[in-house]
Amino acid sequence: MPGVSEVFWFLSRAGGITASVLLTLTFILGVMTSGRRRPEGIGTTVVTGLHRNLALGMMLFLVLHVATAVADGYVDIAWVAVFLPFAAGYERAWIGLGAIAVDLLLAVILTSVLRQRIPERWWAPVHVATYVLWPASIVHGIMMGTGSAWILRAVGLACLAAGTVAIVYRFMNRQPDETRRGAIGREPWR
């Protein structure tokens, strides 16, 4: 029968890899529908709902990942290392990268929750931080992946490849949007 530490180890890995896949799907959906590719009509509701629900699922698995990683007694990862980059005594650089991703995610969540109450010019630059948050998170997962569990690294590399393709597509297909010309000055990043 596995010990508590083994259960935490498996839950942490499962939570982390599931959060990575859901984060990648959320990121790709956001990248592909930002700017001029935004759907209209019923499509807007469906895509927005899917984006939001994938993000919510990702956050739940992230909480599982972080809580079990901290609770696992095999290595010492303090709660402060979850939020303060490079404060961990174990794998300082890679856990620090995860902490940067968590901090950026908290900023994105906060501004998303407040989106109807804050100006677009505040929300949008913070949301652009996902272009740092996502790769930081995925590289954290790849580098922290257990050496004998090659499947964890393979899933991380697949996430990295899929997100990179979405970014390349997004920036290779930038065209002026006639319908948004009136918004020039409010959304210079799109």
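Computed from the coordinates by the stated procedures, all read-outs in this text should not be read as laboratory data. Treat the numbers as computed from the prediction; the structure is a model and nothing was measured. Here the Cβ is made from the backbone with ideal geometry for all residues, glycine too, and neighbour counts use every protein chain on show.
A single entry from Ile142, Ile109, Ile151 fulfils the requirement of being assigned to a helix (DSSP H, G or I) and either touching a residue at least 40 places away in the same chain (Cβ under 8 Å) or out of contact with any helix residue (DSSP H, G or I) (no Cβ under 9 Å at 6 or more places or on another chain) (or both): Ile109.
Evaluate the following for Trp123: is it in contact with a helix residue (DSSP H, G or I) (Cβ under 9 Å, 6 or more places away or on another chain), on the phi < 0 side of the Ramachandran plot, crowded, with 19+ Cβ neighbours inside 10 Å and of a type in the set (Phe, Trp, Tyr)? Against the criterion (in contact with a helix residue (DSSP H, G or I) (Cβ under 9 Å, 6 or more places away or on another chain), on the phi < 0 side of the Ramachandran plot, crowded, with 19+ Cβ neighbours inside 10 Å and of a type in the set (Phe, Trp, Tyr)), Trp123 does not qualify.
One residue stands out in the stretch 4-20 among those that are among the hydroxyl-bearing types (Ser, Thr, Tyr) and more than 16 Å from the chain's Cα centre (by Cα): the one that is farthest from Leu56 (Cα to Cα), namely Ser5. Of the numbered criteria (1) more than 18 Å from Tyr131 (Cβ to Cβ); (2) surrounded by fewer than 16 Cβ atoms within 10 Å (Cβ to Cβ), the one Ile109 fails is (1).
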